[in-house]
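Everything below concerns the one structure shown next.
The values are calculated or read from the model by the stated rules, or taken from the named source; none is laboratory data. These numbers were taken from a predicted model, which means no experiment stands behind them. Cβ placement follows ideal geometry from the backbone for every residue including glycine, while neighbour counts extend to all protein chains displayed.
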């Protein structure tokens, strides 16, 4: 992480957020899991899973850089949407036999932790945004 901070020279506040870090872990895990998917899924389910996964930390980072809590909250809600999209696509992958329980279980555990962090992050932003 320190090496990356040096590369990015202007470490932004989002890089210190645990929820963003968990999102980045999820991206790495999803890329790893989808490497073994059938080649004909490259532009289908593989691309959808990877896109949903990368959207989570990307939206957290974008939301964190917004000026108002209401804007932040709206964009972080997109990250939550991407999370449930990712969970659904993982279930589809399991049902189609592309991923087994051995890979699925730790992936869903990480996504559960990420979801709980996202919920707390959203609640914190909602308190700042007010009614």
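The table for this structure:
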{"read-out": "So residue 66, is it closer than 19 Å to residue 15 by Cβ, in contact (Cβ under 8 Å) with a residue 60 or more places away in the chain and in contact with a helix residue (DSSP H, G or I) (Cβ under 8 Å, 6 or more places away or on another chain)", "value": "no"}
{"read-out": "So residue 116, is it closer than 30 Å to residue 130 by Cβ, modelled with pLDDT of 95 or more and in a helix (DSSP H, G or I)", "value": "yes"}
{"read-out": "Residue tally, condition assigned to a helix (DSSP H, G or I) and under 17 Å from residue 18 (Cα atoms), over the range 56-74", "value": "11"}
{"read-out": "Residue that is surrounded by the fewest Cβ atoms within 10 Å (Cβ to Cβ), among those in the range 94-103 that are free of Cβ contacts under 8 Å to residues at least 60 places away in the same chain and part of a helix (DSSP H, G or I)", "value": "102"}
{"read-out": "Test for residue 120: is it surrounded by 13 or more Cβ atoms within 10 Å (Cβ to Cβ), touching a helix residue (DSSP H, G or I) at 6+ places or on another chain (Cβ under 9 Å) and within 22 Å of residue 15 (Cα to Cα)", "value": "no"}
